[in-house]
Amino acid sequence: MPTGYNIINVCNRLDDEDNFRSYFEPLEQPSMEAAASRVQSISQSGISSVPPEYIQPNSTRPQLPPSNKDPIPTIDLDDDLSSLQKSLHSACSEWGAFHVVNHGVSINLLRDIQCVGRTFFESGSTEDKMEYSCQPNAPASQGYGSRMLATQSNQNNVVLDWRDYFDHHTLPLQRRDPSRWPHFPHHYRQVVSHYSDQMQTLANHLLGLMSEILGLGHSRIQEVVGEVYQNITVSYYPPCPQPELTLGLQAHSDMGAITLLLQDHVSGLQLLKDGQWLTIHPLDHAILVILADQTEVITNGKYRSAVHRAITNTSNARLSVATFHDPARTRVISPVFEPPKYRPVLYGDYVSSWYTKGPEGKRNVDALLL
Ligand SMILES: O=C(O)CCC(=O)C(=O)O
């Protein structure tokens with residue numbers, strides 16, 4: 001088992017004005033050295049075995065080939081209300097994740113966000129991409145990076161994820177600064193802004209439905225979450241010569257309220273269900289909904305956050321777009337049901353604990369259990 005986590009990059013979900021960075025060691029290296037350590041550069045160098053820092057300890061290596069079972073629920077938002085409520089309730093309480101179809105987001109927009117993301121990673125020169133690198137000492141943390149979290153193996157060696165990413169701060173609007181996002185392809189910034197708005201609408205709709213199903217009234221969960229902090233992370237997983245030894249992204253549950261994930265045609269996402277890793281194959285035109293830890297706390301465990309990870313493969317680069325909806329770090333989150341099963345938590349404290357201790361499954365939300 002990993003013995004702990006070493007924070008390599010805290011690019012995600014920390015407010016621009018935060019000084020969280022000062023708690024952690026410097027993140028990305030200066031430019032040319034960092035360019036060479038991008039996973040895409042390593043993959044394209046033609047190596048036949050992965051560098052040792054990407055080799056997972058035995059206990060966290062994926063079992064390949066992955067299972068073909070894909071029984072995750074699909075929720076159709078066009079269903080009549082009573083069947084929708086029934087299927088959504090069982091998906092949220094038994095899985096913490098589900099595909100959603102007839103979600104109201106245009107299929108063209110889903111295609112466009114994947115297309116601009118792929119163009120950035122695959123058509124941009126290294127120099128162009130490095131222009132948007134996460135800066136280790138800058139107060140803002142969005143941008144192009146490779147090292148968000150790294151596990152520490154038994155031998156105290158850092159283990160890196162086989163992934164590059166671009167993280168965008170999109171909401172509230174005062175955090176949204178498209179000039180910090182790629183300028184290529186030409187409509188990149190417009191697509192990300194539009195996608196951000198559509199994802200917020202869908203996230204609110206889903207949280208409203210969940211709140212109603214639990215008998216809380218439409219807005220109750222959203223009232224506890226408060227103003228939504230939204231980040232969009234485009235992840236790029238290059239082909240890997242030894243997928244059996246690596247992870248694209250280590251196992252974790254998301255720390256905020258709700259995540260909306262778009263996968264391209266390449267499988268790689270796995271969900272932990274009843275102790276088994278299930279591969280969640282992409283479903284055309286669907287969006288994968290993943291409940292996060294604060295929803296578990298707010299609903300007092302009636303709805304559960306889902307542990308997931310990404311695996312790699314030898315031949316096809318995979319791209320995903322994860323849109324995270326989180327509370328402000330100044331927000332106190334507590335259960336709305338009595339008696340509470342979880343301690344109230346200041347979301348900023350939760351975030352720092354998540355990053356300092358590492359996700360390791362659901363250890364952070366479990367630590368709040370009374
Ligand atoms: O790439 C994926 O399928 C998973 C992404 C994810 O879990 C994350 O960005 O937190």
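A few notes on this one:
- Of residues in region 236-258 being among the aliphatic types (A, V, I, L, M) and part of a strand (DSSP E or B), the one farthest from the ligand (Cβ to nearest atom): I258
- Subset of region 204-259 that is out of contact with any helix residue (DSSP H, G or I) (no Cβ under 8 Å at 6 or more places or on another chain) and β-branched (V, I, T) - its residue that is surrounded by the fewest Cβ atoms within 10 Å (Cβ to Cβ): T233
- Checked against (1) at negative phi; (2) free of Cβ contacts under 8 Å to residues at least 60 places away in the same chain; (3) not basic (K, R), M255 meets all criteria but (2).
- Flag for H285 being surrounded by fewer than 19 Cβ atoms within 10 Å (Cβ to Cβ), touching a helix residue (DSSP H, G or I) at 6+ places or on another chain (Cβ under 9 Å) and either of a type outside the set (K, R) or in a loop (DSSP other than H, G, I, E, B) (or both): yes
- Qualifying residues in region 93-118 (those that are of a type outside the set (A, V, I, L, M, F, W, C) and buried (at least 16 other Cβ atoms within 10 Å of the Cβ)) - the one farthest from D167 (Cα to Cα): S93
- Criterion: over 15 Å from the mean Cα position of the chain (by Cα), more than 30 Å from S48 (Cα to Cα) and at pLDDT below 95 - qualifying residue of G275, G226, G208, G215: G275
Yes/no matrix, rows are residues, columns are (1) surrounded by 15 or more Cβ atoms within 10 Å (Cβ to Cβ); (2) at pLDDT 95 or above:
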residue	(1), (2)
E131	no, no
T151	yes, no
W162	yes, yes
Q174	no, yes
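- Search result, residues across region 37-55 that are of a type in the set (S, T, Y) and without any contact (Cβ under 8 Å) to a residue 12 or more places away in the chain: S45
- Count - residues of region 268-321 that are away from the ligand (no atom under 16 Å from the Cβ) and hydrophobic (A, V, I, L, M, F, W, C): 2
- Restricting I72, I113 to residues that are part of a loop (DSSP other than H, G, I, E, B) and of a type in the set (V, I, T) narrows the list to I72.
- Selection of region 110-119 for residues being hydrophobic (A, V, I, L, M, F, W, C) and either at pLDDT below 95 or over 16 Å from S196 (Cβ atoms) (or both) yields only C115.
- In the condition set (1) more than 9 Å from the ligand (Cβ to nearest atom); (2) in contact (Cβ under 8 Å) with a residue 24 or more places away in the chain; (3) more than 15 Å from P66 (Cβ to Cβ), T233 is compliant with all but (1).
- Residue tally, condition over 30 Å from Q63 (Cβ atoms) and not hydrophobic (A, V, I, L, M, F, W, C), over region 227-242: 4
- Candidates are the residues of region 308-351 that are touching a Ser or Thr at 6+ places or on another chain (Cβ under 6 Å) and over 22 Å from R363 (Cβ atoms); the one that is surrounded by the most Cβ atoms within 10 Å (Cβ to Cβ) is T312.
- Residue within region 133-147 that is at pLDDT below 95, charged (D, E, K, R) and in a loop (DSSP other than H, G, I, E, B) present: yes
- Tally, over region 205-233, of residues that are assigned to a loop (DSSP other than H, G, I, E, B) and either under 20 Å from V321 (Cα atoms) or not polar (S, T, N, Q) (or both): 8
The values are calculated or read from the model by the stated rules, or taken from the named source; none is laboratory data. Here the structure is a predicted model, which means the values were calculated and not measured. In this analysis, Cβ positions are derived from the backbone assuming ideal geometry, glycine residues included, and neighbour counts consider all displayed protein chains.
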